[in-house]
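Notes follow the structure.
The values are calculated or read from the model by the stated rules, or taken from the named source; none is laboratory data. The structure displayed is predicted, hence computed values, not measured ones. No Cβ is skipped: glycine too gets one built from the backbone with ideal geometry, and neighbour counts run over all protein chains shown. Keep in mind that these areas ignore ligands, DNA and RNA; they rest on the heavy atoms of the full protein, side chains included. Shrake-Rupley method; radii C 1.70, N 1.55, O 1.52, S 1.80 Å.
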Amino acid sequence: MAVETIPITSREQWHAARRKDVTASVAAAVLNAHPYATAYALWAEKTGKLDEFESEETVAMERGRMLEPVALALLAERKPLWRVEQPGVYLRDPAARLGATPDAYAYDPERPGFGVVQVKSVEASVFRKKWRDEGGEVDLPLWIAVQAIIEAHL
């Protein structure tokens, strides 16, 4: 597998780079496991029938974008031995037409390699309802797990 690493230089260039790929953030739509995207909408976007970037940024998307640096600063503070860095890249496997934009990489000196960090900001009541099991334990939603698996793969 040959993975391309494309530095992100602008929002427009990033949108163009990912236009034909199934990106990690919506890949669960293929499994009918994404709460905000359908397989049909994904097909329509990737075949050019619908422009995925036409819609305005939602309040939730804006909140996530604005809180990402705060979440990464908290991670760095809570894990002082780790090195946390934002790569600013789009990764893609052109043969599989898979792509991802990792939020950050984390390097733990006690482990080989690095981990991919995916930041999510979730409203408290939604977190309790959709991110916890009946016993109150965190239960990662499938669509987020799919995103993380693809990012780790790339």
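Cross-link partners for K20 among the lysines, with Cα-Cα distance under 19 Å and sequence neighbours closer than 8 places in the same chain left out: K46, K49.
DSSP beta bridges confined to the chain are antiparallel in about 90 percent of cases. Taking label positions 7 Å along the Cα-Cβ direction at both A2 and E137, the computed distance is 4.4 nm, reported to one decimal. For the peptides 142-149, 32-39, residues were scored by their other Cβ atoms within 10 Å and the scores averaged per peptide; the highest-first order is 142-149, 32-39. Ordering 81-90, 58-67 by mean Cβ neighbour count within 10 Å, with the highest value first, yields 81-90, 58-67. How large a share of the accessible area of the chain, in percent, is made up of carbon and sulfur atoms when the probe is 1.4 Å and the other protein chains stay in place? With neighbouring chains kept in place, the figure for the chain is 57 percent.
A cut-off of 5 Å between modelled amide H atoms, ignoring neighbours fewer than 5 places along the same chain, links Y90 with I6, I8.
Each principal axis of the Cα cloud of the chain was taken in turn, and the coordinate range along them, longest first, works out to 45, 37, 28 Å.
May I ask you to list the aspartates and glutamates whose Cα is less than 16 Å away from that of K79, ignoring any residue fewer than eight positions away on the same chain? Answer for K79, where 16 Å is the Cα cut-off: D108, E110, listed by chain and number. Summary value for the chain: 30 percent relative contact order, contacts being C-alpha pairs under 8 angstrom separated by 6+ residues. Once the Cβ-Cβ distance of K49 and K79 is raised to the sixth power relative to R0 = 35 Å, the FRET efficiency obtained is 0.20. Note on the chain: helix-only mean residue ellipticity at 222 nm, from DSSP H runs of 4+ residues weighted -39500 (n - 2.57) and normalised by residue number, equals -11000 deg cm²/dmol.
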